[in-house]
Amino acid sequence: MHGSSKKTSELDRTIRPEIKNDVFYRAIQRLARTEKVSTILEIGSSCGDGSTEAFVSGILENPAHPTLFCMELSQPRFKLLKNRYKDVPSVRCYNVSSVDLASFPSEEEVSLFYRTVPTNLNGYDLNTVLGWLRQDIAYIKKSNAPQKGIALIKKENHIENFDMVLIDGSEFTGVAEFKLVYGAKLILLDDIHAFKNHANYHQLLQDTNYELVEQDTTLRNGYAIFKRKDL
């Protein structure tokens, strides 16, 4: 989740990792090491020293030698990410927006969610939250980064479905991202008590194709890990 709302875009600065040496970090590490997967997508890699680090340490010990596809929109964070893993061939970094601007929710949708669904987002005033939404949209427009990044990675690498996915990008694109990665063997959600993954979490809880294998609703904004039942 965003931290503060300033005139300079938050995406212009680097930030400290949130998923770092905690139970979710260790779960990511374990799954990346032990699951029979070949493609992993991380949405929201930041500077690469949080969940990315957990993924990389895991895949380097995985006998299946999976490839990790990292997505980060912020250019300063992407620069650090790419440099950090430049010598790791199984890590491929993309400076893209996961989805296009048309896939972002409207301010009305975000306002309705804020007023009707109690989450940790209510710890911030609505104007601040809407400011984050405007900031994300403005950054994509300013950066000229490729949009539809998930579709781009799939096309370039001939991937129909990723095997494992972490959805932890923009606060506002989780629902659109989920639709594009549904079918993955493992779906990892961070911020389940926020706009980002609240709907995805509750949809997967009701989905007969998936089972909840791990969650902690009290760690930051909560996380959950789901696995397809037929695999």
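Observations on the structure shown:
- Contour minus Cα-Cα distance for S9 and L112 (0.36 nm per residue): 34.6 nm
- Beta bridges by DSSP in the chain, antiparallel share as percent, to the nearest 5: 40
- From most to least packed by mean Cβ count within 10 Å, the peptides 82-93, 61-72 give 61-72, 82-93.
- Listed options for Rg and Dmax of the Cα atoms in Å are (1) 18.3, 59; (2) 16.5, 48; (3) 20.8, 74. The value calculated from this structure is the one marked (2).
- The chain - percent of accessible surface contributed by carbon and sulfur, probe 1.4 Å: 50
- The chain, relative contact order [Cα under 8 Å, separation at least 6], %: 18
- Computed with a 1.4 Å probe over protein heavy atoms only, the accessible surface of region 166-231 comes to 38 Å² per residue.
- Heavy-atom SASA rank of Y182, Y114, Y139 (probe 1.4 Å, accessible area, largest first): Y182, Y114, Y139
The values are calculated or read from the model by the stated rules, or taken from the named source; none is laboratory data. Just so you know, these numbers come straight off a predicted model, no measurement behind them. FYI the Cβ positions are ideal-geometry reconstructions off the backbone, even for glycines, and counts take in every protein chain you see. When the accessible area is computed, the model is the full protein with side chains, heavy atoms only, and any ligands, DNA or RNA have been set aside. Shrake-Rupley method; radii C 1.70, N 1.55, O 1.52, S 1.80 Å.
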